[in-house]
Structure formats: C-alpha cells, structure tokens
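Q: Below you will find the structure I want to go over with you.
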C-alpha cells in the first residue's frame, strides 16, 4: 500500500474532521483525479511533434494518453479541423496516490522558484487546482531525454476534488499531504 494512502487513512481523515467540522467522515473531501495535459504549440505546423507529448505522458504515468483534437478550424491559430493539438492522461484510484507521492517527493523540491501554493493565483474554483510545469527535466524519467524534447513542451497538472460539502478547501487538503500551502 502507498505511504500517502496510509497517511490519508490514519492522519488526514481525523485531522480534517476537526478542521472542517464535518459530522460524518464519509462527507470528507478526497482527491478524485489528477489530470496531466501536455500541449505542443508546434503541432499545428508539424503534426509529428504531438508524439513528444504522447511519449512523455506515457513515460510519466505508465498509462496510454488520449490525443485531443481541435473541433473546428481557426484561422488565427492556424489550425484545421480535427488536428491533433495536445494529449492528456487522467489518473485515478491507486495510481493517484503513487503519482502524488512521486510528485511531492521528487518533482516539487527540484522547482527552484517554488515556495508555496497561494489561493489567489492557483484556484479556479473550490474543487480544482492547476499547476504548470514548463521544465520537463525536473521529472527523473525525462531528465536524460530533455534535450530531444521541444522547448515549448510543458505539462499542466490539475488536481480535482471529490467533495460532498461545498465549503471544503482543496488547499487545506493539499496542505495535509505536506505540500507547502499559504492559506490566507
């Protein structure tokens, strides 16, 4: 069993019941999914560049990524209908805690300008949070091959919350997982 799953069951559940003031432990907030999305800007002019995005996501998550295509042609962005633009992977259940543990212990300490997550800059709504990682050399799996990857390739990591209560706070939950969070 993953160490974060054990930490969640023994420490986080009891701690959040007191902090949030829930009456029932089953109404507690939990991480539902982690979505990794990678977009390559040059994929509109060079369609083969989407392979870098697909390979990097597959190496990071051990899952096959889904290719995202444009719905219609947009002249301003130089896209045609059904062009492959990006790829994404949705992580759920057992692999969620394994990836979160990997991200917290290996990737976040390597980010040089990362101090803490702030509420005003990262929260889209109360149930999701997105982080952008522009340097793929931070991931140990991609460190050796980072020179072959396109410079504009980056990954957006979105944490989605499954909350039965509307006043639950995602930053509070991520703080319980020992991610540095500034709650003001």
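Q: What residue, of 129, 138, 122, 117, is over 13 Å from the mean Cα position of the chain (by Cα), over 16 Å from residue 54 (Cα atoms), surrounded by 13 or more Cβ atoms within 10 Å (Cβ to Cβ) and at pLDDT below 85?
A: Testing whether each residue is over 13 Å from the mean Cα position of the chain (by Cα), over 16 Å from residue 54 (Cα atoms), surrounded by 13 or more Cβ atoms within 10 Å (Cβ to Cβ) and at pLDDT below 85 leaves just 117.
Q: If you check residue 25 against the conditions, is it surrounded by 19 or more Cβ atoms within 10 Å (Cβ to Cβ) and touching a residue at least 12 places away in the same chain (Cβ under 8 Å)?
A: It is false that residue 25 is surrounded by 19 or more Cβ atoms within 10 Å (Cβ to Cβ) and touching a residue at least 12 places away in the same chain (Cβ under 8 Å).
Q: While we're on this one: Can you report the number of residues in the stretch 39-76 which are without any contact (Cβ under 8 Å) to a residue 24 or more places away in the chain and either more than 19 Å from the chain's Cα centre (by Cα) or farther than 27 Å from residue 99 by Cα (or both)?
A: Residues flagged as without any contact (Cβ under 8 Å) to a residue 24 or more places away in the chain and either more than 19 Å from the chain's Cα centre (by Cα) or farther than 27 Å from residue 99 by Cα (or both) within the stretch 39-76 amount to 11.
Q: Confirm whether residue 36 is under 28 Å from residue 169 (Cα atoms), in contact (Cβ under 8 Å) with a residue 60 or more places away in the chain, within 17 Å of the chain's Cα centre (by Cα) and not in a helix (DSSP H, G or I).
A: Answer is yes for this residue.
The values are calculated or read from the model by the stated rules, or taken from the named source; none is laboratory data. All values derive from a computational prediction rather than experimental measurement. Don't worry about glycine lacking a Cβ; one is built from the backbone with ideal geometry, like all the others, and counts go over all protein chains shown.
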